[in-house]
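Peer 1: Before anything else, here's the structure in question.
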Amino acid sequence: SGLVIGNVQSGKTANYTALIARAADSGYNLIIVLSGGNFNDLRVQTQKRLFKDLIDPVNNFPQSKKWHKSTGVAPKNKGDVGDEIWNPYWDFENENCLLVSKKNSDTLPSITSWLTNDILPAAKLSGTQINILLIDDEADHASLNLELNKKGSPNDASRINKEIRTLINSVERKAYVG
């Protein structure tokens, strides 16, 4: 787990773009970036930048391990798991996967469902380990477990916090950066 703090336009996205590249080199093959909360324009902006600065250059380099783009940037869609340009067909044996999604109580369970119902069973059959790097852009928006202070039990969690923990705990090797 880690936390990055910075002012607006201070290089946080560039920093986690480099972190994504390093994580992929270290065997993290599923990169999930939660960006934009409920606002698709922020999610699209982040995804376009990651495509331009990392994914497309790597995919254009012949000797590199390619990246699967599971979510898209078409303005007409929401960029969520299951929408009209969602691409669930990740070749996890030969590709890394970038999934950029909004962080809300509808999208997070969809990501977890895709991972646990489609990817993990097939990966287990092939002997491939799925390793998650989850980058929580704007971690101060909805990710904090504010229910703990209200109810007093460590098992209590806000819905977003619980969904994030369920998602990352679905695999053995994971890293979270807020």
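Peer 1: Open to solvent by less than 60 Å² (accessible area, probe 1.4 Å) and assigned to a helix (DSSP H, G or I) - does that describe any residue in region 76-87?
Peer 2: No, every residue in region 76-87 fails to be open to solvent by less than 60 Å² (accessible area, probe 1.4 Å) and assigned to a helix (DSSP H, G or I).
Peer 1: Show me the helices (runs of 4 or more DSSP H) found entirely inside region 3-70 where at least 1 residues are within 17 Å of the chain's Cα centre (by Cα), of a type outside the set (Gly, Ala, Ser) and more than 15 Å from residue 99 (Cα to Cα).
Peer 2: 12-25, 40-50
Peer 1: Identify all residues within region 91-114 that are at pLDDT 90 or above, out of contact with any helix residue (DSSP H, G or I) (no Cβ under 7 Å at 6 or more places or on another chain), over 19 Å from residue 26 (Cβ atoms) and of a type outside the set (Gly, Ala, Ser); write none if there are none.
Peer 2: 91, 114
Peer 1: Inside region 55-66, can you point out the residues that are open to solvent by less than 80 Å² (accessible area, probe 1.4 Å) and free of Cβ contacts under 8 Å to residues at least 40 places away in the same chain? Full working, then the answer.
Peer 2: Taking region 55-66 as the starting set, the residues that turn out to be open to solvent by less than 80 Å² (accessible area, probe 1.4 Å) are 55-59, 64, 66.
Answer for region 55-66, where residues must be open to solvent by less than 80 Å² (accessible area, probe 1.4 Å) and free of Cβ contacts under 8 Å to residues at least 40 places away in the same chain: 56, 57, 58, 59, 64, 66.
Peer 1: Moving on to the next point. Out of all the residues in region 37-54, which are under 18 Å from residue 133 (Cβ atoms) and open to solvent by less than 70 Å² (accessible area, probe 1.4 Å)?
Peer 2: If the condition is that a residue be under 18 Å from residue 133 (Cβ atoms) and open to solvent by less than 70 Å² (accessible area, probe 1.4 Å), then 43, 46, 47, 50, 51, 53, 54 are the ones that fit.
Peer 1: If you don't mind, another one. For region 137-178, name all the residues that are open to solvent by 60 Å² or more (accessible area, probe 1.4 Å), of a type in the set (Asp, Glu) and either modelled with pLDDT under 80 or within 22 Å of residue 42 (Cα to Cα) (or both).
Peer 2: 138, 140
Peer 1: Where residues in region 92-131 are among the small types (Gly, Ala, Ser) and in a loop (DSSP other than H, G, I, E, B), which of them is surrounded by the most Cβ atoms within 10 Å (Cβ to Cβ)?
Peer 2: 105
The values are calculated or read from the model by the stated rules, or taken from the named source; none is laboratory data. A quick note: this is a predicted structure, and the numbers were derived from the prediction, not measured. All Cβ positions, even for glycine, are placed from backbone atoms using ideal geometry, and neighbour counts span all protein chains on display. For the accessible areas, the whole protein counts, side chains as well, though only heavy atoms, and no ligand, DNA or RNA atoms are used. Shrake-Rupley method; radii C 1.70, N 1.55, O 1.52, S 1.80 Å.
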